[in-house]
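*Asks:* So that we are looking at the same thing, I have put the structure below in structure tokens.
Read-outs: derived from the displayed coordinates by stated rules, not from any lab. Every value quoted in this text rests on a predicted model; they were computed, and no experiment measured them. Quick reminder, even Gly has a Cβ in these numbers, built from the backbone with ideal geometry, and neighbours come from all protein chains shown.
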Amino acid sequence: MSDATARQIIIAPSLLAANFTRLGAETVRACRAGADWLHLDIMDGHFVPNISFGPALVKALRPLTRATFDVHLMCDRPDILLEPFSKAGADRITIHVELGVRVVPLIWKIRSLGQQVGLAINPPTSMSALQPHLEQVDSVLIMTVNPGCGGQEFITECLTKIEQAAAWRDKLDLKYRIAVDGGIHGDTAASCAAAGADIFISGTGLFQHKNLKAAVLKMRKAVEAARCALERLS
Ligand code: DX5
Ligand code: ZN
């Protein structure tokens with residue numbers, strides 16, 4: 001079995017696209033639908049113009065499921081948020097590489113809290129920003145839209161970044177997972193899988209479906225098929 005086949009596929013619905021009048025029920029719906037992780041987008045009105053929700057909501061949702069809570073901080077001051085989100089029930093925390101020199105101490109802080117570490121990169125940012133941190137992270141998150149809101153169109157040019165992240169992983173024999181986030185639905189998920197992604201974060205592409213279980217399964221199958229095709233080529 002190759003590394004690619006052995007790597008678990010993770011389908012992570014983003015709560016940002018859920019019905020905000022019933023977030024508890026939506027959390028349960030996503031987990032019963034077969035979601036591996038629940039993706040929680042935290043926006044502070046500075047790093048991105050939008051504001052979403054904070055640790056109080058994460059704490060309220062925590063008792064509803066044992067699913068991994070994947071917290072994505074699109075925030076200018078993650079330093080003041082790491083502990084609150086960790087205490088609220090996060091299992092893994094992703095920060096952005098655009099934070100520059102603050103990235104290294106933040107990675108260590110996340111680890112010291114017992115959390116898995118993710119590092120995200122925005123579409124306009126060069127992959128060279130990510131390279132120095134690859135050995136320190138559990139996942140890299142290739143943003144496939146500009147962060148800030150759901151429902152945007154997938155930026156096809158980001159596929160080369162996924163390929164680059166996968167090539168570095170092979171070359172350096174590292175174990176980080178590759179996540180994609182933004183405009184992910186059946187077709188784009190398959191393209192990302194073929195490029196080397198293994199975590200598929202999807203808001204609108206999943207929550208818009210009344211039958212969320214069928215939507216999660218369809219995405220998983222599309223990704224598996226793309227992976228099998230990749231295997232046959234290699
Ligand atoms: C975008 C967020 C995404 C968002 C994706 O800023 O990081 O997680 O929820 O939404 P869709 O899947 O609708 O593009
Ligand atoms: Zn996100």
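*Asks:* Kindly provide the set of residues from the stretch 142-197 that are touching a helix residue (DSSP H, G or I) at 6+ places or on another chain (Cβ under 8 Å), away from ligand 2 (no atom under 16 Å from the Cβ) and either aliphatic (A, V, I, L, M) or assigned to a loop (DSSP other than H, G, I, E, B) (or both), ordered by number.
*Replies:* L159, A165, A166, L172, L174, K175, Y176, A190, A193, A194, A195, G196
*Asks:* Out of the residues in the stretch 62-92 that are in a helix (DSSP H, G or I) and within 16 Å of ligand 1 (Cβ to nearest atom), which is nearest to H46 (Cα to Cα)?
*Replies:* Filtering the stretch 62-92 for residues that are in a helix (DSSP H, G or I) and within 16 Å of ligand 1 (Cβ to nearest atom), the one nearest to H46 (Cα to Cα) comes out as P78.
*Asks:* Also, quick follow-up: Can you tell which of R62, R77, R92, R22 is within 24 Å of A215 (Cα to Cα) and touching a residue at least 12 places away in the same chain (Cβ under 8 Å)?
*Replies:* The unique qualifying residue is R62.
*Asks:* Return only the number of the condition from (1) of a type outside the set (D, E); (2) outside any helix (DSSP H, G or I); (3) over 22 Å from G54 (Cα atoms); (4) within 16 Å of ligand 1 (Cβ to nearest atom) that I95 does not satisfy.
*Replies:* Result: I95 passes all but (3).
The rows are residues; the columns are (1) surrounded by 16 or more Cβ atoms within 10 Å (Cβ to Cβ); (2) over 17 Å from I121 (Cβ atoms); (3) in contact with a Gly (Cβ under 6 Å, 6 or more places away or on another chain).
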site: S139; (1), (2), (3): yes, no, yes
site: E157; (1), (2), (3): no, no, no
site: K175; (1), (2), (3): no, yes, no
site: A189; (1), (2), (3): yes, yes, no
site: A194; (1), (2), (3): yes, yes, no
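*Asks:* Out of the residues in the stretch 124-141 that are over 18 Å from D70 (Cβ atoms), outside any helix (DSSP H, G or I) and out of contact with any helix residue (DSSP H, G or I) (no Cβ under 7 Å at 6 or more places or on another chain), state the one that is nearest to ligand 1 (Cβ to nearest atom).
*Replies:* P124
*Asks:* S234 versus (1) more than 12 Å from ligand 1 (Cβ to nearest atom); (2) hydroxyl-bearing (S, T, Y); (3) under 16 Å from the mean Cα position of the chain (by Cα): which is the lone unmet condition?
*Replies:* Against the list (1) more than 12 Å from ligand 1 (Cβ to nearest atom); (2) hydroxyl-bearing (S, T, Y); (3) under 16 Å from the mean Cα position of the chain (by Cα), S234 comes up short only on (3).
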